[in-house]
């Protein structure tokens, strides 16, 4: 259900861009999806197929997903580490004064027409 | 062969909603309406907590409630019967959260003349509502004891965007392995500024603390 909601937002934004560019058919939509964005890519493409085919502009249009690896930064030792592998705790110094640098993206990168 | 052209967009899916939410927040500020967005899992006690809270505050503030659910109007009816205040049901049509536009539609359906405190009871869900700014002045959430103390670790975003976390169903704590201290620690790991208030909506215990918190926040916001 979450992914379907996201798909509706993607469709809304793509329609807007298509209108601005006077485009009546979109071939692909490319998304940047962060590893810890809570989006499940397979669900997103399933929901996309269902919803996109209901729009003339997007019928048959493919959704391509680029996965952005999640990286966390440690304020204590200044090093970066993989979020999925290590979570919030720094594997170098053990500190939990850390924050996510990237990996939370749900972005429309580009469309091809 | 057809020529393929690329149009670069580079835009977060949440961007348009974030803009709508900021506009709505400003409009509400101009009208003097404080909007609280209340979130939690299904069954954590949002409606019961609201009833107890509203009954403590309805002489001090003019309150209106929007109940968001996928279906039914049981919550809106319950609120109206138990408090006598204005309450409407919003149906999300299958969507798992409310966004700023849906919140605006809900507010338009309310009689807002004289109202200074509007409450949005979001869809029961710890994931999606956290990602969609509703335009609220403050965000509150409820975590109930049976759900377990580890939820701030599992649903970090929800806990990181809330100004206050109510720990509900404190009366059943002896039956569950729930460690309040640990839970508070986990919440503050995600959000050092979050206020944590243990309550029992059924008996009303601690709800006065939440009401005080709201009065303080509304006063500071004005």
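Here, each number is a calculation from the coordinates, and none is a lab measurement. Since the model is a prediction, treat every value here as computed from it, not as a measurement. No Cβ is skipped: glycine too gets one built from the backbone with ideal geometry, and neighbour counts run over all protein chains shown.
In the frame of its principal axes, chain A has Cα extents of 54, 27, 16 Å, reported largest first. Sorting A:66-74, B:187-195 by their mean Cβ neighbour count within 10 Å, with the most densely packed peptide first, gives A:66-74, B:187-195.
Counting, for every residue in A:2-11, the Cβ atoms of other protein chains within 10 Å of its Cβ and taking the mean gives 4. The sum of -39500 (n - 2.57) across all DSSP H runs of n ≥ 4, divided by the residue count of the protein assembly as shown, sets its helix-only mean residue ellipticity at 222 nm to -11000 deg cm²/dmol. Residue A:93 to residue B:111: FRET efficiency via 1/(1 + (r/R0)^6), r the Cβ-Cβ distance, R0 51 Å, to the nearest 0.05? It comes out at approximately 0.35. Comparing A:87, A:103, A:78 in a Gaussian network model of chain A (Cα springs below 10 Å), the most mobile by mean-square fluctuation is A:78. Backbone N atoms of segment A:26-55 closer than 20 Å to the 7 Å Cα→Cβ label point of residue B:3 belong to residues A:26-28.
Mean-square fluctuations from a GNM of chain B, with a 10 angstrom spring cutoff on Cα atoms, peak among B:155, B:175, B:186 at B:175.
Taking a ≥ b ≥ c as the square roots of the Cα gyration tensor eigenvalues, with a/c under 1.5 meaning rounded and otherwise prolate when a/b beats b/c, else oblate, which class fits segment B:130-222? The shape class here is oblate. Computed with the Debye formula from one identical point scatterer per Cα of the protein assembly as shown, without solvent, the log10 of I(q)/I(0) at q = 0.07 Å⁻¹ comes to -0.33.
The alpha carbons of segment B:20-221 give a radius of gyration and a Dmax of 15.7, 47 Å, in that order.
A crude spin-label estimate for the pair residue B:177 and residue B:205, with each label 7 Å from Cα along the Cβ direction, gives 2.3 nm. Counting only alpha carbon atoms, the long axis of helix A:41-52 and the longest principal axis of chain A meet at about 20°.
Given a 10 angstrom Cα cut-off, can you work out which residue in B:127, B:164, B:172 is the most mobile in a GNM of chain B? Taking springs between Cα atoms under 10 Å, the residue moving most is B:172. From the largest down, segment A:1-44 spans 34, 17, 14 angstrom on the principal axes of its Cα atoms.
Counts of other chain beta carbons within 10 angstrom of each beta carbon in peptide B:49-62 average 0.
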